[in-house]
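Report on the structure given below.
The values are calculated or read from the model by the stated rules, or taken from the named source; none is laboratory data. Predicted model, so just to flag it, every value in this text is computed and none were measured. Cβ coordinates were reconstructed from backbone atoms using ideal geometry, including for glycine residues, and neighbour counts include every protein chain displayed.
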Amino acid sequence: MPRLVLTVIGDDRAGLVSALADVVTAHDGNWEDSQLAELAGKFAGIVVVGVPGERVDALTAALRELDGLLEVTSHPGAEASGIADDADAQRLTIDLLGNDSPGIVREVSSVLSRHELSIETMTTGTREAPMAGGLLFEAHVVVRVPGGSDSAALRADLERLAAELLVDIAVA
């Protein structure tokens, strides 16, 4: 069954997920995976749906009718998990906390890119610093590390980066 990756955004209000789910279900679609959030007054997310091949065009057209409520863009996805699992691969979780400053995501993602690692999930946010004032930046990143990768070198690079940025980085 073909899969579609839907990107959605709209002004945050009640009923958005229900409206989207109604359209998917009406076209025999199956809601498989999603990450949705309210960000700065907007409701945004990514949804993966499976849909019978003969219903793809009708679903895509019906999603456009949500305009005004939600802007939905449809992208073709892989039909199945065609990526072979690397039995030796491991997942690393990287948690970062420190004073907010521009460029933190760029610096962390650059280290991961140099080690040819792909980010599976990343969640970031800011919050008030309890005693010092200002904002704290938090990040939770999960990366898949293929077998044979130099995890020690990655950890060393992240530790150097933590010292440069004056943030705490924990790798598990």
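Assorted remarks:
- The residues in the range 94-134 that are surrounded by 13 or more Cβ atoms within 10 Å (Cβ to Cβ), polar (S, T, N, Q) and part of a strand (DSSP E or B) can be counted, and the count is 2.
- Matching residues, the range 127-161, being among the small types (Gly, Ala, Ser) and closer than 14 Å to Leu112 by Cβ: Ala139, Ser149, Ser151, Ala153, Ala156
- Unique match (being within 30 Å of Leu136 (Cα to Cα), of a type outside the set (Phe, Trp, Tyr) and in the same structural domain as Val145 (by TED's automatic domain parsing)) among Leu97, Leu39: Leu97
- The set of residues from the range 135-158 being assigned to a strand (DSSP E or B) and either polar (S, T, N, Q) or free of Cβ contacts under 8 Å to residues at least 24 places away in the same chain (or both) is empty.
- For Asp88, the criteria (1) surrounded by 11 or more Cβ atoms within 10 Å (Cβ to Cβ); (2) touching a Gly at 6+ places or on another chain (Cβ under 6 Å) hold in every case but one, which is (1).
- For the criterion of being outside any strand (DSSP E or B) and either surrounded by 13 or more Cβ atoms within 10 Å (Cβ to Cβ) or β-branched (Val, Ile, Thr) (or both), Leu36 fails.
- Residue within the range 59-82 that is among the charged types (D, E, K, R), surrounded by 13 or more Cβ atoms within 10 Å (Cβ to Cβ) and either closer than 22 Å to Glu120 by Cβ or touching a Cys at 6+ places or on another chain (Cβ under 7 Å) (or both) present: no
- Filtered by the rule that a residue be part of a strand (DSSP E or B) and either touching a helix residue (DSSP H, G or I) at 6+ places or on another chain (Cβ under 9 Å) or without any contact (Cβ under 8 Å) to a residue 60 or more places away in the chain (or both), the range 1-15 gives Leu4, Leu6, Val8, Gly10, Asp11.
- Pairs where the first residue, in the range 16-31, is on the phi > 0 side of the Ramachandran plot and the second is modelled with pLDDT of 95 or more and not aliphatic (A, V, I, L, M), C-beta under 6 Å, 6+ apart: Asp28/Pro52; Asp28/Arg55
- Selection within the range 43-56 - without any contact (Cβ under 8 Å) to a residue 40 or more places away in the chain and surrounded by 13 or more Cβ atoms within 10 Å (Cβ to Cβ): Phe43, Ala44, Gly45, Arg55
- Which numbered condition Gly50 misses (of (1) touching a Lys or Arg at 6+ places or on another chain (Cβ under 7 Å); (2) modelled with pLDDT under 95; (3) more than 30 Å from Ala172 (Cα to Cα)): (2)
- Checking Val111, Val145 one by one, the residue that is farther than 17 Å from Leu166 by Cα and touching a helix residue (DSSP H, G or I) at 6+ places or on another chain (Cβ under 8 Å) is Val145 and no other.
- Per the listing Glu65, Glu107, the residue uniquely modelled with pLDDT of 95 or more, of a type in the set (D, E, K, R) and outside the structural domain of Gly134 (by TED's automatic domain parsing) is Glu65.
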